[in-house]
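Here the structure is laid out as structure tokens; the discussion comes afterwards.
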Amino acid sequence: MQVAIVKYNAGNIYSVVNALRRLGVEPLLTDDAAELRQADRVLFPGQGEARGAMTYLRERGLDQVICSLTQPVLGICVGQQLLCRHSEEGDVDCLGIFDAEVKRFRPTLHEEKVPCMGWNALYDLKSQLFASLEAPYVYFVHSYYVPLCEETIATADYVLPYSAALHKDNFYATQFHPEKSGSVGEQILKNFLAL
């Protein structure tokens, strides 16, 4: 199985490479349209800022490439947010796979710090992505979130309930970092590869 990781100006890509290697998969890190289209699975990870990331993707035509993919695609963290219609971060239009607007957390309590960092529970799991997992805890680092919507397949709570994961057609996305979520994250990556 050929697994490709979208190479763009987003941090944290190498932790995803290492997580896949632990599963016995040697991923291809690429920004080449043909290689992305030919891969059996595509991961679209990242940490960073939405406007800068979208500018980079558009300048290289990667926005159109990602939207045209037909194999299973997994967006992670900023990757999930960029698959949405719009982000408040930099007030930028994104890829529009998911019809949702990414919003900034607005804490109401002193103990609610932004960014949200740390382990949190998932609930209302509605996808094969979470097969054989019960009440999983996963690792988050984010200041922006996707509100609950029709494509929500997992929910987490921080300030308010929000979309911890999304699914539409061949596109899946997680706000959390499976590559940093221990055995639970490893199982989620295995489930994605097995879709």
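The values are calculated or read from the model by the stated rules, or taken from the named source; none is laboratory data. Predicted, not measured: the structure shown is a model, and the values here were computed from it. Positions of Cβ are backbone-derived with ideal geometry, glycine not excepted, and every protein chain shown enters the neighbour counts. The area values use the complete protein model at the heavy-atom level, side chains included, leaving out ligands, DNA and RNA. Shrake-Rupley method; radii C 1.70, N 1.55, O 1.52, S 1.80 Å.
How large is ³J(HN,Hα) for each residue in region 65-72, as worked out from phi by the Karplus curve 6.51 cos²θ - 1.76 cosθ + 1.60 (θ = phi - 60°), to whole Hz, x for Gly and Pro?
4, 4, 5, 8, 5, 10, 7, x
Region 1-31 to region 65-99: how many Å between their Cα centroids?
18
If you bin the C-alpha pair distances of region 150-195 every 5 Å from 0, what whole percents do you get?
6, 20, 26, 27, 15, 5, 1
Check L28: other-chain or 5+ apart residues with amide H under 5 Å from its amide H, H built from backbone geometry?
Amide H to amide H, under 5 Å and 5 or more residues apart or across chains, L28 pairs with V3, A4, I5.
So in the chain, what percent of DSSP beta bridges are antiparallel if you round to the nearest 5?
Details: 23 of 39 bridges.
So the antiparallel bridges amount to about 60 percent of the total.
FRET efficiency for Q2 and H110, Cβ-Cβ distance as r, R0 = 35 Å, nearest 0.05?
0.10
Enumerate the whole-percent occupancy of each 5 Å bin, from 0 to the last occupied one, for all C-alpha pair distances of region 1-109.
2, 13, 23, 25, 18, 11, 5, 2, 1, 0
Based on the Kirkwood radius over alpha-carbon pairs, what value in µm²/s does the Stokes-Einstein equation return for the translational diffusion coefficient of the chain at 4 °C and 1.567 mPa s?
Working: Rh = 16.4 Å.
D = 79 µm²/s.
Near G90, within a Cβ-to-Cβ distance under 9 Å, what is the net charge of the other residues, with Lys and Arg +1 and Asp and Glu -1?
Details: positive: R51; negative: E49, E88, E89, D91.
That works out to -3.
Would you please classify the overall shape of region 73-136 from the alpha carbon gyration tensor, given that a ≥ b ≥ c denote the square roots of the eigenvalues, rounded means a/c under 1.5, and beyond that prolate means a/b larger than b/c while oblate covers the rest? Display every interim value, and only then the final one.
Values: a/c = 2.50, a/b = 1.10, b/c = 2.28.
The shape class here is oblate.
Can you list residues whose amide H is under 5 Å from C77's amide H, if they're 5+ apart or on another chain and H is modeled 1.01 Å from N?
Residues meeting the criterion, in which the H sits 1.01 Å from N, are T174, Q175, F176.
If region 85-195 were replaced by its equivalent ellipsoid, with semi-axes equal to the square roots of 5 times the Cα gyration tensor eigenvalues, what would those be, largest first, whole Å? Walk me through the numbers on the way to the answer.
On the way: eigenvalues 97, 65, 26 Å².
For region 85-195, the ellipsoid semi-axes come out as 22, 18, 11 Å.
For region 84-131, with every protein chain kept in place, what is the accessible area per residue (1.4 Å probe, Å²)? Walk me through the intermediate numbers first.
Details: 2740 Å² over 48 residues.
Per-residue accessible area for region 84-131 comes out at 57 Å².
In the structure displayed, which of K103/K168; K7/K126; K7/K113; K7/K103; K103/K190; K113/K180 lie more than 23 Å apart, Cα to Cα?
Numbers: K103/K168 20 Å; K7/K126 29 Å; K7/K113 31 Å; K7/K103 25 Å; K103/K190 30 Å; K113/K180 20 Å.
With Cα atoms farther than 23 Å apart: K7/K126; K7/K113; K7/K103; K103/K190.
So, with a 1.4 angstrom probe, what is the percent of accessible area on the chain that is carbon and sulfur? Could you put the intermediate results ahead of the total?
On the way: 4060 of 8530 Å².
Carbon and sulfur atoms account for 48 percent of the accessible area of the chain.
Provide the per residue accessible area, probe 1.4 Å, for region 1-77, rounded to a whole number of square angstrom. Walk me through the numbers before you get to the answer.
Details: 3380 Å² over 77 residues.
Accessible surface, normalised per residue, equals 44 Å².
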